[in-house]
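Shown next, in C-alpha cells, is the structure this report addresses.
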Amino acid sequence: MINNKYLIYSKILLIFLLAVIPFSLSDYSDNIVPEKISSDLRFYEINTCNTSLNEFLFHNPNVIYQDHYKIRFNNYSSVRCFGQITGIDQIGYTFYISIGTNSLINLLLQSSIWLVLISIYKKTQNFKINLKSLISLVFAVFLICLLIYSEKRYYSKLLFEMDLEILRTYIYLFSYFFYATFFSFYIFTTRDKAIINLIPFLFVVMGLFSGFNIYFYFLFFLAYGVNKIINEKKIRNKFNVINFVIIFWAYLAVGNDFYLKPDKIRGLSSSVYNFLSVFTWSYIVILSVIGIFIYMSEKTAKFDFLKLRNNFLISGSLLIFFGYIGSAFPYFNFLNYYYFGQTKYGTDDQSIFSRNFWGENEAWRGFFPSAETIGEFYAIGIILFFLTSKFSVKENKLVLFGIILSFIGLLASNNKAALITLALCVALNVFKKRQLNYKYKVIGYGFVITLFLYFVGFQNLLYDLSFSASKMIDSSYNYGLDYDRSSFVLNYFSADQNNIILRFIILFLGQVAFLINRSELWGIFFARYNPTISEFLIGTGPFILSDLYSDIDIFSLRISTGTPLGFLLPHSSLLLSLTFFGLIGTTTLIIYLLRKLKRLKKENFVIFIVCLFICINIIKSDSILYAPSLIMYLTFLSYSKNKKI
C-alpha cells in the first residue's frame, strides 16, 4: 500500500521542513531581540516584520500555552513579512498576535504540503494526460480566476497590493492555481484506488486555502468534472439543461450587488451576489459536484467497509486530540488552522462537557467549525462499527479505543438528533441481521421513541398546539422590521391566510421546529427569506447566501438571549436547499433521495443505513456547507453496485 520506507521518510521530512521553515525565517544576526510581551507594545509597533514567529516564541514561551494569547493570521502582508510578527494588540486581558502571511504564498505552501502528504500513498496506475485533460485543467483554473475577478470586493483585502483590475494579476493567479490543480490532478488520478476509503480524513485535513474562498480538493474535482463532460457525450447532453438553469440564476442577479463575508462557511459560499459571480460560482460548484459524484461512483468497487470504519474511528480520535490540544495551547490552535486548512479557528474551550447558566449542556465543537456536523461524523463512525464488527474478543484494541473516543466526541457535540438517529439505525441493523420477532421489534422501537421523548422533553408535548406550532411564525414576526418585512412572511405567515392546506403545512413545519428546538432559528430564516416567484421556484443558485443575508434587514438581537445575532445559519440543509434550488429543485432532490434510499436498501444495507442517517439529519443541520461532509455525503450516495460485506 505504501512506497518504500526511505521515500516515505523523505516526504515526511519535506512536510516537516515546509511546515517549520516559513515561520522561522528571520535575521538572527541583527540586534533586534524580541521583548517579553507586556502591556507596553511599543517595541512590536516599531519593529514590524523583523521577528519571525518561532523566534518570538523562543523569547516568549508562555504564549504557546497561556490562553489569554491569540495568534492570528494577517493574509494581507507582503512576501517579506511572511511568518513575521506584524503587530500585537491588547483587548482587555487578551493579546492578539498578528502573523504576516501572503495569500499567494499560502496557496503555494499549503497545496505543496497537502500534495506531498497524499503522495505518501503508493501509486496504483500511471499518469496519463492528453489534450482534453489539459483543456480541462486550463478551463478549471480560468473559472477560478474569473470567480476572483467577480469577487473583487472580498479579495481586495486579501491579495496584497494586487490590482484586481489588470490582466497581469490574473496571469499570476492563473500560474499559482494551475500548479496546484495540475499536481492535484496527477496525485489523485494515480492513487485513486485508496482515495475512497480515506474520505474520513477530510474532516482532519479540511484543505481550505488561507486567504481564499476555495477548498484545495475542489481544484481536482472541478477539473475532473470538466474532463468528464468533455469526454462523455451522455453527460454533456444532460449538462445542457443545467446551462439554461445557470443562465437563469445569473439573470435573476442582474442589478444586484449584495455582499456577504462567508465567515466559517468560507469555501462553500459565494461572497457576492451579482450576475458574473452567480454565473461563475454556479459553474464551479456544479462541475465540482459532478466531478465528486462521478469520481466516487467509479471507485465504489474499491469500497472496503472495514478500512472505512477504521479510518472513521482514527479520524475521530485525531479530531478529539487536535481539538483538545488546540483548545489548551494557542500555538497549536494557530498551527491547526493553517496546516489543516480549517474554515474557523478551533475552540479555546477546554471544558468538553460544560453547562451554561441554565444548567443545559453546551456543544463542544473542538477542531471542527460546527459541533452539529462533527457530531454527525462521530455517529456515522459508530454506525459503521456496529454494522461491520463481529463483537469478538479478538476485536482490535485500537478500534475499541477509537469507538470510545467517538462516543465521547458525539456526547460532547451535544447533537441529540444524531444520537437518536444512531439508535434507530443500530436497531434497524439488529432487526435485519437477527430476524427478530414482532415482540423484540416493539421493544427496540420503543427504546428509540423513549430516547426521542427524553431529549425532546416530554413536557414540550403538553403545550397547546396553538402555541408550539406558531412559535416559529411568532419568531419570524419578532425579528422582522415593520418597514422591511420579507415577502415570505407577508405572503404565507400572515394571520389572514385563507389557504387551509398551506396554513397546515406552515403550522406542521412550526411544530416540528418547536420539537427539535429550531423555532427561533427557522423563524429568523423566514424573516430574511425574501424571494420573488422565480426565486421561490428555481432558487438563487448553489451555495449562494449573500442574497438571503443582505436583502432584508432584521432585528439584530436574539430574543432568547439578548445578544447580537452575528452570522446565524438556519441549521437546516432543507431550508438551504430551498434557497439554493427553490421549490422545484428541492422537491426533485427529495424525490431523488427517496428513490436512492429505496434502491440502496436492496443493493447494500450498510450504505442504506448510513444514507438514511444522513437524510434524516440534514433536515436540522447545515452540514452541506462544509466540504468534508458534502464530499462524504456524495460519496455514500454515489454507491450503486451490489457489494455485500
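The values are calculated or read from the model by the stated rules, or taken from the named source; none is laboratory data. Just so it is clear, the model here is predicted, and its values are computed rather than measured. Please note: Cβ atoms are built from the backbone with ideal geometry, for glycine as well, and neighbour counts cover all protein chains shown. Note: accessible area is taken over every heavy atom of the protein model, side chains too, but ligands, DNA and RNA are not part of it. Shrake-Rupley method; radii C 1.70, N 1.55, O 1.52, S 1.80 Å.
Tabulated values for the structure
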read-out	value
Solvent-accessible surface (1.4 angstrom probe) belonging to ASP67, in square angstrom, nearest 10	90
Greater than 18 Å apart at Cα, pairs in LYS432/LYS602; LYS233/LYS302; LYS157/LYS261; LYS122/LYS193	LYS233/LYS302
Computed label-point distance, nm, for sites ILE247 and THR450 using a 7 Å Cα→Cβ extension	6.1
Difference of contour (0.36 nm per residue) and Cα-Cα distance, ILE559 to ASN491	22.1 nm
The chain: DSSP helices with Cα axial extent of at least 20 Å and average Kyte-Doolittle hydropathy no lower than 1.0	5-20, 103-118, 131-150, 216-231, 275-298, 305-328, 371-388, 397-413, 416-434, 438-456, 500-515
Inter-label distance for LEU502 and SER466, nm, one decimal - labels placed 7 Å from Cα along Cα-to-Cβ	2.3
Under 15 Å, Cβ to Cβ, from TYR273 - net charge with Lys/Arg +1 and Asp/Glu -1	-1
Counted charge near TYR479, where neighbours are those whose Cβ lies closer than 12 Å (Asp, Glu -1; Lys, Arg +1)	-2
Accessible area, probe 1.4 Å, largest first, for residues ARG236, ARG503	ARG236, ARG503
Net length gained if the chain between ARG72 and LYS432 were fully extended (0.36 nm per residue, minus Cα distance)	124.5 nm
Whole-number accessible area per residue in Å² for the chain, which is evaluated in the context of all protein chains at 1.4 Å	45
Rounded D (µm²/s) - the range 29-68, Kirkwood Rh over Cα pairs, Stokes-Einstein at 20 °C, 1.002 mPa s	197
Solvent-accessible area, 1.4 Å probe, carbon plus sulfur percent, for the chain	64
Amide N of the range 274-308 lying under 18 Å from the label point, which is placed 7 angstrom from the Cα of GLN125 along Cα→Cβ	291-304
Spin-label pair THR388/ARG42, simplified geometry with 7 Å Cα→Cβ offset, distance in nm	6.3
Relative packing of 50-62, 115-127, 161-173, 207-219, which averages over residues the other C-beta atoms within 10 Å, highest first	207-219, 50-62, 115-127, 161-173
Most to least packed among 31-43, 373-385 [average Cβ atoms within 10 Å]	373-385, 31-43
Unsatisfied cross-links (Cα-Cα over 32 Å) in the set LYS5/LYS264; LYS152/LYS228; LYS123/LYS152	LYS5/LYS264; LYS123/LYS152
Rg and Dmax of the range 483-620, Cα atoms only, in Å	16.6, 54
Cysteines without a disulfide-compatible partner [the chain; Cβ-Cβ under 4.7 Å]	CYS145, CYS425, CYS611, CYS615
Debye log10 I(q)/I(0) at q = 0.11 Å⁻¹ for the range 250-324, Cα point scatterers	-0.54
Residue among ILE618, TYR378, ASN231 farthest towards the positive dipole end of the chain, charges placed on Cβ	ASN231
Environment charge at PHE613 (Cβ cut-off 15 Å; Lys +1, Arg +1, Asp -1, Glu -1)	+4
Segments 4-13, 131-140, 538-547, 305-314 sorted - mean Cβ within 10 Å per residue, highest first	538-547, 305-314, 131-140, 4-13
Label point at ARG153 placed 7 Å out along Cα→Cβ; residues across the range 539-557 whose backbone nitrogen lies under 17 Å	544-554
Shape of the range 469-549, Cα gyration tensor, a/c cut at 1.5	rounded
Fraction in percent of alpha-carbon pairs per bin - 10 Å, the chain	3, 14, 25, 27, 20, 9, 2, 0, 0
